[in-house]
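Have a look at the structure below, then the notes.
Every read-out reported here was derived from the displayed coordinates using simple, explicitly stated rules and does not represent laboratory data. Computed from a prediction, not measured in an experiment: that's the story for all the values here. Cβ coordinates were reconstructed from backbone atoms using ideal geometry, including for glycine residues, and neighbour counts include every protein chain displayed.
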Amino acid sequence: MRCIIVGLLVMLNFGLIHGQEEEAIPDLTADPKLKTPTLSPNVPLKKVDKTELKLPGVTLSVTKAFELYGGDAASRSQLVIVAESVFAELHMELKGDELHEIKSPIQVELVGDPRKKSEGPAFVRRFGTLATGERYLRLGIHLERKFDQQSLRTAFAEMIILERCLSVQKSLPDDLKLVVHPWLVDGLLEVMDWRAKRSERRDYASLSKNPKLFDLARLLEVQRQELEKMDAASVNSYRAASGAMVMALLNHPDGLEKMRDMLEELSLFQGDIRNLLKRYFPEVNKGKNGLRVAWLLQLNEMSMAPLTDSLTILETEKRIDEALEFRYLNDEGVQQVLGITDFEALAKVDDLKRRSAVALASKKLVQLNYRCFPLYRPMLFRYGTILNALSQGATKGVGEAIHVIAQERGLQEQAALRARDYLDWFSIDTASSVAGDFKGFDKLNSVKGAAPGQNKTMGGYLDRLEKLYSPRK
C-alpha cells in the first residue's frame, strides 16, 4: 500500500505536467547513440565531438550546476527543483556547508511529450567533448517514459558523482570507460534520507534479522538493470543494504574525507570494487570478513528503534502483558508471578509485598505510555486506575473493568492481524523470488498456493479483499 501511495504522489508531481505547446520535440530514440539506458560497469561510453548544441528552451539552475534544455517551461521548472535538491543534499553530506563547484554545468535534455506514453528507458547518460576540448555530461530524460521521483533522484545523483570524478582528471584515455556502482549512488541517497528521517527503520530491522534478503556479495555486484526488474520488497531490502554499507564507510575514521577521495577515482576504476574499498577504508576491511562484519554491525545499529518511536499494535499488546505481571517473593523466598486476571489472589498477598509489586507494574505502564500505539493510551490510563485500587487491596468492579478493556484490546489486535495478513499476502503474491529460511518458504506455499474459495480463515478474508480491490468490469 505504501508503494501505491508513493506512486500516486509521484504521478501528481511528475506525471501531470502540462504546458504550452512548443516546437516539435525530437524523439530520444532517433539518435542511436542514446539507446543505452544506463551506464553499466565495463561498458565503454565513447566521447562525442560536437561543435555546438542546438536544443530548444533553456533553464539554468540557481547554482549553475544544471542546464536544462527542451521540453516546456513547466517540466524544466519541476525537474530543476529535484536536481538542485539532490545536488545540495549530496554535497552537504560530503562537504558540509561548502558546495562542490561544478566547472561545466551538467546538461539535462528533455524530450518527448509528457501528455503521451511510450515504452523504453526514461534516462540516458552520455559523456562528450566539444570541439573546443571542453567536456560535458549529459542526461537525457524522456518525458513519455515511466519514471518516479526516486529514479529521477538517482539519475541526478549519478551525474553529480560522475562529474565529481571527471572534474579532477587532467587527461582522459581514448578508450574511456565510466563505471557507475548502483549501491554507492543509492547508498548515499539512502544515508541522506536516513538523516532527514525519510527512511523506514523497519526495512533495516528486517534485513538485520535476515541478511540473506540482500547479502553483501550480491549488493556489491548488482547492476541497475537488475534493480529495475525487482519487486518492491527486494528494492526496499536493497536500499537498506546500500544505506548501511555507505553509513559504515562514512563512520570509518576520517570516513568523510576518504569517501570524497574515493569518489574522485571511483568512476574510472576498472578493477574489483573490494580492492578499492580496502585501499581507502583499511579499518573496515580488517580480516577475511571485515567488510561484512562492519556492514552487519551498522545494519544492527540502524535497526534499533529510538525511544521516541511508537510501537505497533502487536508490539504494544506484548508490552502490556509483560507490564501487567505482579512479581513478589512468598514466605519461602520463591518468586511468584500473578497476572492482571489474578487480581483476587493479589488482594490476599501481604500488604507491603502487594504494594511493591503493583508499584513496579505501574512504573512499567508509565514508561510504556510514551511509546505505545496511540490508541492504547486511554486503556493504559484505565489500567492505571485499576492498579491504584489493587494497591489498596480493593477488588470491587475490577473484574468487569478488566473484561471491558480486554474486549477493546481484542478488537485492536484483530484489526492489526488483518492488516498484517493482507500486507504479507501482497508481498508474497508479488514476490519474484524466494529468499530466506524455510519458515518463509512454508509461508509462501501456504499463502500464494491457496486456491480461491478455499474454506480457510485467511483464505476467505483474502478472497473478499481481492473482490474489493479488483477493477470493476
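List of remarks:
- Taking 7 Å steps out from each Cα toward its Cβ at residue 364 and residue 218 produces label points 3.9 nm apart.
- Estimated distance in nm for a label pair at residue 411 and residue 265, the labels positioned 7 Å out from Cα along Cα-to-Cβ: 6.5
- Length released on extending from residue 310 to residue 388, taking residue separation times 0.36 nm less the Cα-Cα span: 25.5 nm
- For the range 229-320, trypsin sites (Lys or Arg not before Pro) meeting the loop criterion (DSSP other than H, G, I, E, B) and having at most 14 other Cβ atoms within 10 Å: 229, 286, 288.
- Cross-link pairs 318/364; 258/278; 364/396 - those with Cα-Cα distance over 18 Å: 364/396
- Estimated from the Cβ-Cβ distance and a Förster radius of 25 angstrom, the FRET efficiency linking residue 400 and residue 420 is about 0.20.
- Shape class for the range 294-406, computed from the alpha carbon gyration tensor (a ≥ b ≥ c): oblate, with a/c not under 1.5 and a/b at or below b/c.
- Judged by the ratio a/c of the largest to the smallest principal axis of the C-alpha gyration tensor, the range 207-252 counts as prolate, that ratio being 1.5 or greater while a/b is larger than b/c.
- Label-point separation, residue 88 to residue 117 (7 Å along Cα→Cβ), nm: 3.4
- With θ taken as phi - 60° and the Karplus curve 6.51 cos²θ - 1.76 cosθ + 1.60 applied, the whole-hertz 3J(HN,Hα) list for the range 286-291 is 5, x, 5, 10, x, 5 Hz, x standing for glycine and proline.
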